[in-house]
Amino acid sequence: MTPEVRAVLARHGAVLDESGFDPRADVARDAWRACAADLHATGARFFDITAIDRGEAVELVLVLVDTPSTQFTLRTSCPNESLRAESLAGVFPPAEWGEREVFDLFGVVFEGNPDMTRILQPDSSTIHPLRRSFELEERTW
Amino acid sequence: MSAAMWIHALLWLVGLLLLIAVVTVMGVWWERKFIGHLQRRRGPLHHGFHGLLQLPADMVKMISKEDIVPDSADPWLFQIGPLMVVVPAIAAMAALMFAPGFGLLDMNHGLFYIFAFQTLLPLGFAVIGWSCASKFTLIGALRAAAQLISYEIPMLLAALGVVVAAGSMRLTDIINAQAGVWYIFKEPLGFAIFGIAVLAEMNRTPFDLPEAESELVAGYQTEYSGMKFGFVQLAEYSVLFTGSYLVSALFLGGWNMPFLPASPLWLLLKIVACMTMTMWFRGTFPRLRVDSLMSLSWKWLLPIALVNIMAVAALALALPGIY
Amino acid sequence: MGVVDDAEQPGFITTTLDKLLRWGRSRSMWPVNAGIACCSLEMMTTGAARYDFDRFGIMFRSSPRQADVMIVPGPITKKMAPIVQRVYNQMAEPRWVIAMGSCAISGGTFVDSYNVLPGAETILPVDIYIPGCPPRPEALLYGCLQLKKLISETSTIGSSRKPMYVPPVLPEEWPLELLGEYDALEAGAVWVQPERDSPPVTPLGDAESAPEDEL
Amino acid sequence: MVNFPRKGVEGSTETMLLNVGPQHPSTHGVLHMMCEISGETIVSAKPVIGYLHRGIEKLAESRTWQQDIVLTDRLDYVAQFSNEWAYCRAVERLAGIEVPERAEWLRTLLVEMNRITSHLIWYAGVTMDIGALGTPFIYAWVARERIFDFYEAVTGARVMPNWMRLGGVHTDIDSAMLKEMRDFLERDFPVEVDEYEALLVGNEIVQSRMKGIGVFSAEQLVEWGVTGPALRASGSERDLRKDVPYGVYDRLDFRVCTDDVGDSLARCRVRLAEIRESARMCVQIIDGMPGGDVRAKVSRALKPPVGDVCVRTESPRGELGVLVASDGTTKPLRFRVRSPIFYNLSAMPHMLPNHLLADMLVIFGGIDTSMGEIDR
């Protein structure tokens, strides 16, 4: 983790945890987009955006690459009552598709994404399959 | 007209139609076999001797396939579209001469007659592509029309060089004039232009944009099924035959062969060699892009063809014995 | 599909014609070039130099209109199902379907998934099943030769095999996906899931005996 | 209905919407590309994906850690070993499994051979797309079949090997087989690649089709999220095999293949150079192969500690990331694949406008799609 990244994370009140495999920084949902924009300004490169369903909340995970050999994750938590977050599509262009996928599979709505529609499943689908609450049907044979 | 003339004409008509059938069947078989061997495989092998029955089987199947007319297609144009390419393609063959006096009709302006019918082909392609109401066919048809029209001009100019040198548009005269030296040696530039332009006229690789498989699925013939598709294929191989004939007759000496007596056999051999060349190109070359296709025709072939015809005319005036 | 559908006692000419048609059709099977998933790699391999489909007169056509056989080389997802049906409907009769690989037979590895149909036979009339994940090129060749046998044994006179239009159907909770603004398909047809107790895997051997009943 | 409003061209006639795919000879799978065209020029484009969405990420959550290796094969079915390795590395890191030395070498060997076959498929596809009627396509298959013979001898399957295990690999490769591989890769294979290169890069028409088409700078491509050979063709040296060495890449002598032109022809040259480089690496690996076990003892009911890890690897198409999260049970809490082509494809709307319809296939071939990994 470069000092610039540390400075940006500290400015946005991120909780830094470096005990795991990759450093992780938890930010409040309000600071999500602003923090990502400042990280983009430090030269951090987008790697992936995804989510993990933690039961009572959906954790958004933004994997960023700061130097060619190191990476860290920026995380925020969306409680099940309000699955909304600000879109990063204006900051990192590839995040547009990543967010569409998170919307499709988890149901998190990203405000400001230019095309918040389903990407993998058919538009007519009504499910968000990667939620814990969605169970696969038992095999009948 | 006497009865003998009628019989002669009738026999020739039947013979030409048979020739077209044989050319199509053997042409497709030879193409699949030849390209197969280029690609380190065998090509048709198991149906008949080395797959010789493959094409008859394909034709039987095609005849018995369902004939689909898409709902949104223009029913009349869709039906007559294939005829509009088959009829000119076959009609052009009426002027072909296979030996002195050996042909349906030894026309005074045989070359002109063939080109006149070739000129009708883009119309047929356009009708086919338009009538299907499919976007791929439409793009393919527009490409075909643009390509055929723009390559006609260099082709005609290159052929004009031969006409100037031979002093006739009768195919017999042109070929007989090559009893000594073939025109490929007298007008190599004209031969190059004519070869490229004819390749484009025949929609063969690298000029197969109208049916560009990877871009337009099957181009203008995308929506045709069964025998209509077969008709379009028939027209393509007839055009291929006519084109190869023209190259052999105008530049490669036709039925003449050095040190050997003139015979239709040489002509046929040359035609087969020309057709095989186009198949070789097909097996090796990728496709040109549509804009480079146009610039090749208008920016390179056309000026060079003009230079060529002026040079030939000047030489013919200056050295009347040789040219 | 029959030449003379209502011929009760086929005469010499019709039987000869029938033989000719069966010969022609069985020896010229052009599959539509529709690669779906992993099996399409083995499908391409079969077309390449070592196995060479062209030996048997099998050559891929990109346009379904000119194709006779549809090889379904992969799992059919709910988004893909209407398209597969549409390609099938665009093909000219007579047409055949080969389900290639376990995904096309039953859903295979993905049968439990929320987005995969349990096999191609739920939406298409499948003639030949080729097991494997993916089937080896030899298996695909064998399957095609079985289809050749099936075609050459299917009489074209008064055949029980009728032209079939597969209505673009999907379950009610999955209305038809529209492809674009010029899409001509109609939505609202009702999905009929075939009843099934066991995996619908038909061994290749069955394909040999089946057509005899029709003769 | 897909959200694809037409842009239109000012001062021109109406534009046309052309749906390329999902069943189309040149989309390499079931991609649906919506193109708004004016004449033959693309005004705007939008890829529509999901036609092969099999829900692998959900299925993985209902299977044990070991069983999920089967699913990773089917992600990118052109580069199966790369996916297996990425997944195994992620889980091994999470669970703290030590992989025996020989297993690491074997994995690297097969992954590099896999890179060759994957690039050969790209070669076959891209030459087919620019209209060469199958000859280079079938030539590519000749070398590919030879390598597939090795796959089959080693793993027992041609396309879906399912060969790697958590903590090693399933079967060892004996020295006779290794020698055979070495002979092929050192003697026969370079001759084949020379021919491939002559057919593609040496062809005038190919050059006229590809030179100067789709020129993008490295900054643009990084911004759009493009990784892999497509990025390296623009001069960037990003290659995870050098940046974050894993496997035995730190002990191999290889260079990162780059090109600074950044057009479609450069992308071809980079991939062809990578084919040669991979073959060279394979020979080095076979020479340096140590002995020993190929598989560590791993409990069948593996329960990695609670936590999550994201592992980046260099697949033939770009940076493949696997994120696995464990809640301490025998089944993953989350299995996420960061597909390189998913993000490469998302750059298509930026790349395609103002190119011709025929250029679409060339640019499209430059990023080398494989729908199985995009749709998962």
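Placing +1 on the Cβ of every Lys and Arg and -1 on the Cβ of every Asp and Glu, with nothing else charged, gives the protein assembly as shown a dipole about its Cα centre of roughly 1900 debye. Label 7 Å along Cα→Cβ of residue D:12; the range D:44-63 residues with amide nitrogen under 19 Å? Answer for this model: D:44-47. The modelled label-to-label distance between residue B:268 and residue A:11, using points 7 Å beyond Cα along the C-beta direction, is 8.6 nm.
Distance from the Cα centroid of the range D:45-112 to that of the range D:303-376 is 12 Å (rounded to whole angstrom). Other residues lying with their Cβ under 11 Å from the Cβ of residue D:184 contribute a combined charge of -2, Lys and Arg counting +1, Asp and Glu -1. Only DSSP H runs of four or more residues enter the estimate; each adds -39500 (n - 2.57), and after division by the residues of the protein assembly as shown the mean residue ellipticity at 222 nm equals -14500 deg cm²/dmol. Put simply, when A:38-51, B:99-112 are sorted by average Cβ atoms within 10 angstrom per residue, most first, you get A:38-51, B:99-112. Remark: relative contact order (the range B:1-64) = 21 percent; criterion is Cα-Cα distance under 8 angstrom and separation of 6 or more residues.
Summing Cβ point charges (Lys, Arg +1; Asp, Glu -1) relative to the Cα centre of chain B gives a dipole of roughly 780 debye. Note on residue B:87 and residue D:354: their simple-model spin labels are 4.8 nm apart, each label 7 Å out from Cα toward Cβ.
Pick out, from D:94, D:33, D:78, the residue whose Cα sits farthest towards the positive end of the charge dipole of chain D, with +1 on the Cβ of Lys and Arg and -1 on the Cβ of Asp and Glu. Toward the positive end, the furthest listed residue is D:94. Could you tell me whether the protein assembly as shown comes out rounded, prolate or oblate from its Cα gyration tensor? Rule is a ≥ b ≥ c as square roots of the eigenvalues, rounded for a/c under 1.5, then prolate if a/b exceeds b/c, otherwise oblate. Note, shape of the protein assembly as shown comes out prolate. Averaged over the residues of peptide C:79-90, the number of Cβ atoms from other protein chains lying within 10 Å of each residue's Cβ is 4. Across peptide D:314-323, the mean count of Cβ atoms from other chains lying within 10 Å of each residue's own Cβ comes to 2. Using R0 = 30 Å, the C-beta based FRET efficiency linking residue D:170 and residue A:21 works out to 0.70.
With all pairs of different C-alpha atoms in the average, the Kirkwood value for the hydrodynamic radius of the range D:56-374 is 20.0 Å.
Given +1 at the Cβ of Lys and Arg, -1 at the Cβ of Asp and Glu and no other charges, the dipole of chain D around its Cα centre is 1120 debye to the nearest 20. Summing both sides, the accessible surface hidden between D and C at a 1.4 Å probe radius is close to 3500 Å².
Here, chain A has an Rg and a Dmax of 15.8, 57 Å when only alpha carbons are counted. Here the label points at residue B:179 and residue B:298, each 7 Å from Cα along the C-beta direction, are separated by 4.5 nm in the simple model. Mean separation of Cα pairs under 8 Å and 6 or more residues apart, divided by the residue count, gives chain B a relative contact order of 22 percent. Projecting the Cα positions of D:296, D:169, D:330 onto the charge dipole of the range D:56-374 (unit charges on Cβ atoms of Lys, Arg, Asp and Glu, taken about the Cα centre) puts D:330 furthest along the positive direction. For residue D:331, the solvent-accessible surface computed with a 1.4 Å probe is close to 90 Å², ligands and nucleic acids excluded.
The separation of the range A:66-141 from the range D:219-240, counted between C-alpha centres, amounts to 25 Å. Amide hydrogen proximity for residue D:165: with H placed 1.01 Å from N in the peptide plane, the residues at 5 or more positions away or on another chain lying under 5 Å are D:170.
Rounded if a/c is under 1.5, else prolate if a/b beats b/c, else oblate: with a ≥ b ≥ c from the C-alpha gyration tensor eigenvalues square-rooted, which is the range B:243-319? Since a/c reaches 1.5 but b/c is at least a/b, the shape of the range B:243-319 is classed as oblate. Can you classify the range A:3-81 as rounded, prolate or oblate using the Cα gyration tensor, where a ≥ b ≥ c are the square roots of its eigenvalues, rounded means a/c under 1.5, and otherwise it's prolate if a/b beats b/c and oblate if not? Prolate is the answer for the range A:3-81, as a/c is 1.5 or above and a/b outweighs b/c. Sequence-distant contacts, meaning Cα pairs under 8 Å at least 6 residues apart, place the relative contact order of chain D at 26 percent.
Between the listed residues B:63, B:50, B:6, the Cα displaced farthest toward the positive end of the dipole of the range B:1-64, a dipole computed from Cβ unit charges relative to the Cα centre, is found at B:50. When the alpha carbon gyration tensor of the range B:1-64 is reduced to an equivalent ellipsoid, the three semi-axes, largest first, read 34, 13, 8 Å. The residues D:16, D:181, sorted by heavy-atom accessible surface at 1.4 Å with ligands and nucleic acids left out, run D:16, D:181 from largest to smallest.
Please report Rg over Rh for the range B:1-159, where both radii come from the alpha carbon positions and Rh follows the Kirkwood definition. Over the Cα atoms of the range B:1-159, Rg/Rh equals 1.02. For residue D:32, nonlocal amide neighbours, meaning residues 5 or more places apart or on other chains whose placed amide H falls under 5 Å from its own, are D:48. What separates the Cα centres of the range B:25-79 and the range C:29-79 is a distance of 16 Å.
The 3J(HN,Hα) values that the Karplus relation (6.51, -1.76, 1.60; θ = phi - 60°) gives for the range C:141-153 are, in residue order, 4, 4, x, 5, 5, 5, 5, 4, 5, 4, 5, 6, 9 Hz. Gly and Pro appear as x.
The amide H of residue D:315, built 1.01 Å from its N in the peptide plane, has D:320 as neighbours under 5 Å, considering only residues 5 or more places off or on other chains. As a rough guide to protection, the peptides A:97-107, B:262-272 ranked by mean Cβ packing within 10 Å, highest first, stand as A:97-107, B:262-272. To the nearest ten degrees, helix D:135-155 and the longest principal axis of the Cα atoms of chain D are 20 degrees apart. Computed from Cα atoms, the angle from the helix B:54-64 axis to the main principal axis of chain B rounds to 50 degrees. Placing B:130, B:280, D:65 in order of accessible area, with the largest value first and a 1.4 Å probe, yields B:130, B:280, D:65. Hey, what angle do you get for helix D:357-367 against the long axis of chain D, alpha-carbon based, 0 to 90 degrees rounded to 10? Rounded to the nearest ten degrees, it is 20.
Once all protein chains are placed together, residue D:276 keeps about 80 Å² accessible to a 1.4 angstrom probe. Peptide D:27-35 is shielded by partner chain Cβ atoms: per residue, an average of 3 of them sit within 10 Å of its Cβ.
The values are calculated or read from the model by the stated rules, or taken from the named source; none is laboratory data. None of these values were measured; they are calculated from a predicted model. When we count neighbours, we look across all protein chains shown, and the Cβ atoms used for this are built from the backbone with ideal geometry, even at glycine. Protein only, heavy atoms only, side chains kept; ligands, DNA and RNA dropped before computing areas. Shrake-Rupley method; radii C 1.70, N 1.55, O 1.52, S 1.80 Å.
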